[in-house]
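Taking it in order: structure first as structure tokens, then the write-up.
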Amino acid sequence: MKFTLSWLKDHLATDASLEALEATLTSIGLEVDGLENPADKLAVFTIARVVEARQHPNADRLRVCDVEIKPGQPTVEVVCGAPNAATGMIGVFAPLGSYIPGTDLTLEERPVRGVVSNGMLVSERELELSDEHDGIIELDGALADRVGERFIDVMGMNDPVFEIGLTPNRPDCTGVRGIARDLAAAGLGKLKPLATPKGVEGDHDCPIDIALRFTPETADACPIFAGRHVGGVTNGASPAWMQNRLRAIGLRPISALVDITNYISMDLGRPLHVYDADKLEGTVHARLAEDGETFDGLDNREHTADATMTVIADGSGVLGFGGILGGATTGCTPETTNVLIECAYFDPVRTATTGRKAGVTSDARYRFERGVDPALVVPGLDIATAMVLNLTGGTPSRARIAGEPPIKNHSMLFAPSLVARRTALHLKDAQIKSTLKALGFGVSGKGDALTVDVPSWRPDIDGQADLVEEVVRIAGLDNVPSTPLPRMADVTAAVLTPLQKRTRMARRLLASRGLVEAITWSFIHADHATRFGGGGAALQLKNPMTVDMAVMRPGQLPGLLQALSRNRNRGFADGALFEIGQAYTGDQPDEQMMLASGVRMGSARGEGGGRHWRGTGQAVDAMDAKADAMAVLTTLGLDANKLPIATPAPAWFHPGRSGVVQLGPKVQLAHFGELHPQVVRDFDLEGPVVAFEIMLHAIPAPKRKPYPRSAYEASDLMPVRRDFAFVVDQDVTAASVIRAASGADKAQIVDVVVFDQFEGGNLGEGKKSLAIEVVLQPKAKTLTDEEIEAVAAKVVANVEKTTGGSLRG
């Protein structure tokens, strides 16, 4: 956002210095990215008159000019190569020693073909005013009495230019008036009242009908469309003061009518558009486009609309994108004599989406997608009409208005004591009230029960914390005291919390298993959030960066799957990614989770994947995801063999190839398994794709033991291995068999592993056989056959009792 000092003073009565303005703007959140003062580089250039221009004696293309640089003083001799150098012309003179910014040189006294040039007559490019360099600057002859004065003073160019970096939540400062309001609230002047135009309402109806053509479901795309016809205008050049301001902020003056709309957009943050009324056919209306409709834009490109885009149209078809870009066919030209001034309100989200799809960036889009003041539609139309009448003449009609402005009367209770409680900045209640009032808020009530009315131009104000921020930024963030945390003990306590320790351990473990860490956005598409159990209203962003990043994520799997999809589209068929970070089920503190999630695709298994001369690796399956999850839980201190696994897993997993690791009947520690085929298709992937989600926040803190862990004792005796096969029901899990066998003799059984599963044959309907290997580790002496058989009998008895199975004969 750019503006000049004189422009700012149209709205702010101030005598503050440039340095004070720059410092205050930055301190109140409107950071100054640049401050350019033309006097710094153009102050030495003055108005001069060529008394005589004669041919150079030694060069055909050079002329020697006698130049008057100050009244009553002798002329100086200047060598000039410009073809337009002539006797009597008024130009711009650069004395010796001056720096020429356009050519990056400093003038020195030196002969040019035998004639010493005592200065220079400059072109527009040499002063960086434009790219024009075919001749020197030729000013109006009426300026002959201004010889010797500074060029920037005579031309009204001695106007410093500010450039501030706006954050997306400050649409009120996309106009100079909003910036002036903030400075006035900060004590750097007084905000001038906004002039109310008079005499703009004509005595006849607008000859062009205006309408809104939306369904009730899409009416928010353009709630109000206002217009006024002005006949008999003369569309010449805009006045010099307006052209100078537009040029100073980087806009090219075009004509009075076009410059007026650009000026008001920058001045008040209120975009408008002016149509050549004689080129319009029938009713001018706002509607959603039909797929495939096209128009020629003012950017000299043909644009194609679709059914999600808001357009302005008439009987001939689409005239332009609403709030973004007008069309060339109805644009104003020097021959325009009758115009229709349009002032409307367009939905910010739909405007941003249309602009991104169409690839159009404009000043109007910049403002509408952030939120233009809906209360300024009709006043904005009147202001534009008054300026058109003043600069181009004409006769106005009555305004024609379709719809109503979407003004929300937003009030909230506010306790001034919150400022001190949340920022430790102690301000008097009167100062807090005056700050809010200066910013345009309505304030009533006493003590800690104030009622604050939010102005229509501040859509970013939602709660009490926003009001605290407004008060503190105007008071100055530099004034917020910095308080060191108290030292609670002489001995430094642990720096990391248990959750932070788990996060680091999980990160190392997953990286060691061949997964690559990814960091994805915490914001995802609403459809993806709904698919993965989220998408609630409390988690939807009010000002999303894009439509694809509109909702806080319920987990990391959507982002990881999008990353897999992008990699697959680039030729990587195998992939293994993980992420550790926050996920959200609501907007309350206890609804924020810390998850460790991972995905595997193709043949990216733990032992390696891809093609090899010995054979292609096997595709990933649910057991790979389970192994990852169990490895993390084991590293974090849990006994994976004792954790029950239940079904069903969440809906985004395959219902028959997934599971849930639980700690008791209610606490879920992890989900794992193959993803649902529809989810895989939604992300443009080819299955199988497996995934896991570990709830790091749900893992209980380890119990403190009253005594240290005993040293590990290694046995020098050979372990004993015994195989068992049990016939159990189909719904009996292998984990339950392992737990039963492990618990038969905890002193001697050190490991139980499932090595075979068999179904069918003569086992019977609904039965299966699970074969396990039980490892016994003698410690004091070698086990006898009787001792081994005793342990085996305990294993059989415990498994039969726990699972209802039987030893297979």
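Annotations
A quick yes/no check of all residues on (1) of a type outside the set (V, I, T); (2) more than 16 Å from T802 (Cα to Cα):
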{"position": "A711", "(1), (2)": "yes, yes"}
{"position": "P719", "(1), (2)": "yes, yes"}
{"position": "V727", "(1), (2)": "no, no"}
{"position": "V750", "(1), (2)": "no, yes"}
{"position": "V775", "(1), (2)": "no, yes"}
{"position": "T782", "(1), (2)": "no, yes"}
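- Annotation: of all residues in segment 444-459 being open to solvent by 30 Å² or more (accessible area, probe 1.4 Å) and in contact with a helix residue (DSSP H, G or I) (Cβ under 7 Å, 6 or more places away or on another chain), the one that is farthest from V377 (Cα to Cα) is D448.
- The residue list A375, A384, A399 contains one member that is under 30 Å from A307 (Cα atoms), crowded, with 18+ Cβ neighbours inside 10 Å and among the small types (G, A, S), which is A399.
- Residue in segment 221-230 that is surrounded by fewer than 18 Cβ atoms within 10 Å (Cβ to Cβ) and touching a residue at least 40 places away in the same chain (Cβ under 8 Å) present: no
- Given (1) in a strand (DSSP E or B); (2) more than 22 Å from R507 (Cα to Cα); (3) not small (G, A, S), number of the condition M594 does not satisfy: (2)
- Given (1) touching a helix residue (DSSP H, G or I) at 6+ places or on another chain (Cβ under 8 Å); (2) at pLDDT 90 or above; (3) not in a strand (DSSP E or B); (4) not basic (K, R), index of the condition V732 fails: (2)
- Selection count, segment 399-442, where residues are free of Cβ contacts under 8 Å to residues at least 24 places away in the same chain and in a helix (DSSP H, G or I): 7
- Every residue from segment 325-344 that is assigned to a strand (DSSP E or B), open to solvent by less than 10 Å² (accessible area, probe 1.4 Å) and either of a type outside the set (G, A, S) or under 13 Å from L381 (Cα atoms) (or both): V339, L340, I341, C343, A344
- Taking segment 650-680 as the range and being at positive phi and surrounded by fewer than 22 Cβ atoms within 10 Å (Cβ to Cβ) as the test, only G664 passes.
- Which listed residue is of a type outside the set (A, V, I, L, M, F, W, C), surrounded by 14 or more Cβ atoms within 10 Å (Cβ to Cβ) and out of contact with any Asp or Glu (no Cβ under 7 Å at 6 or more places or on another chain), from P83, P95, P111: P95
- Residues that are closer than 18 Å to N37 by Cα and surrounded by 23 or more Cβ atoms within 10 Å (Cβ to Cβ) within segment 151-175 comprise F151, F162, listed in sequence order.
- Scanning segment 353-366 for residues that are assigned to a helix (DSSP H, G or I) and either open to solvent by 10 Å² or more (accessible area, probe 1.4 Å) or touching a Leu at 6+ places or on another chain (Cβ under 9 Å) (or both) turns up T353, G355, R356, K357, A358, D363, A364, R365, Y366.
- Set side by side, the residues A792, A741 differ, and just one is among the small types (G, A, S) and in contact with a Lys or Arg (Cβ under 8 Å, 6 or more places away or on another chain), which is A792.
- Among the residues making up segment 586-608, a single one is polar (S, T, N, Q), open to solvent by 40 Å² or more (accessible area, probe 1.4 Å) and in contact with a strand residue (DSSP E or B) (Cβ under 9 Å, 6 or more places away or on another chain): Q592.
- Of all the residues in segment 6-34, those that are over 26 Å from the mean Cα position of the chain (by Cα) and open to solvent by less than 20 Å² (accessible area, probe 1.4 Å) number 5.
- For segment 199-216, the count of residues that are open to solvent by 80 Å² or more (accessible area, probe 1.4 Å) and of a type in the set (S, T, N, Q) is zero.
- Complete set of residues in segment 632-649 that are part of a helix (DSSP H, G or I) and surrounded by 19 or more Cβ atoms within 10 Å (Cβ to Cβ): V632, L633
- Subset of segment 739-783 (residues that are closer than 17 Å to A793 by Cα, basic (K, R) and part of a loop (DSSP other than H, G, I, E, B)): K746
- Yes/no for T46 being buried (at least 17 other Cβ atoms within 10 Å of the Cβ), among the polar types (S, T, N, Q) and within 21 Å of E132 (Cα to Cα): yes
- Filter result for T261 (touching a residue at least 24 places away in the same chain (Cβ under 8 Å), under 20 Å from T392 (Cα atoms) and touching a Gly at 6+ places or on another chain (Cβ under 8 Å)): no
- Residue within segment 681-694 that is without any contact (Cβ under 8 Å) to a residue 24 or more places away in the chain, open to solvent by 20 Å² or more (accessible area, probe 1.4 Å) and not in a strand (DSSP E or B) present: yes
- Every test in (1) open to solvent by less than 90 Å² (accessible area, probe 1.4 Å); (2) more than 18 Å from L636 (Cα to Cα); (3) modelled with pLDDT of 80 or more is passed by D716 save one, and that test is (1).
- Of all the criteria given as (1) over 18 Å from Q464 (Cβ atoms); (2) at pLDDT below 95; (3) of a type in the set (V, I, T), the one not satisfied by I401 is (2).
- Residues (in a helix (DSSP H, G or I) and either hydrophobic (A, V, I, L, M, F, W, C) or touching a residue at least 40 places away in the same chain (Cβ under 8 Å) (or both)) located in segment 650-680: V679, V680
The values are calculated or read from the model by the stated rules, or taken from the named source; none is laboratory data. In this text the structure is predicted, and so the values were computed from the model without any measurement. Heads up, the Cβs are rebuilt from the backbone with ideal geometry, glycines too, and the neighbour counts pull from every protein chain shown. What goes into the accessible areas is simple: the full protein's heavy atoms, side chains included, and nothing from ligands, DNA or RNA. Shrake-Rupley method; radii C 1.70, N 1.55, O 1.52, S 1.80 Å.
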